[in-house]
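Some notes on the structure that comes next.
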Amino acid sequence: MIIRKHLIAAALASGAMLAPLSAALGAVDEQKPIKISGEVIDTWCYYSGVMGGRDAVVGTAHHTCALWCAAGGIPVGVLADDGTVYMVLKLSGSAPLENKDTLLEVQSDRVTANGMHYVRDGVNYIVVEKVVANEGITNLTHEDFGAVPPFAVPEPKK
């Protein structure tokens with residue numbers, strides 16, 4: 001129940017933050033065209049650590065949770081090959097968070113994307129103009145962690 005409350009709070013906060021951010025793109029610290037390659041990730045679990053360390057919340061071990069978070073409105077990100085995380089504001093012509101089906105189709109996939117990179121207050125954002133390559137899910141973390149990492153399963157109350 002606590003995790004559910006955190007997910008709901010994060011979804012509400014992220015939705016509330018996206019509107020003013022998109023409206024204020026002119027106030028960014030930096031903007032430039034960019035081409036990135038990396039894995040589409042669930043930003044809530046990646047940053048919060050609620051489901052384990054950064055190595056456990058990517059790839060096949062975390063795919064189902066990543067789908068639920070994206071479907072619930074948690075912003076997706078791209079974990080680039082150099083370790084930089086880019087928050088995805090918009091994906092290939094759709095309005096932010098409007099086309100969740102498209103986000104679900106690429107969740108946990110390794111992609112190469114062209115877009116506009118924005119930096120504000122040290123946070124990297126990307127408006128994806130085009131996904132130029134999609135290799136599918138290539139990060140087979142379930143071989144190390146199983147379908148669900150054991151530390152992500154709550155202990156029963158005694």
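A few comments on the model shown:
- At R0 = 41 Å, FRET efficiency that the Cβ-Cβ distance of N114 and L140 yields, to 0.05: 0.95
- Burial order of peptide ranges 43-52, 118-127 (average beta-carbon count within 10 Å, highest first): 43-52, 118-127
- By average C-beta atoms within 10 angstrom, highest first, the peptides 136-143, 85-92: 85-92, 136-143
None of the figures in this text is laboratory data; all of them are computed from the coordinates on show. This one's a predicted model, so the numbers in the text were calculated from it and none came from an experiment. Note that each Cβ is placed from the backbone with ideal geometry, even for glycine, and that neighbours are counted across all protein chains shown.
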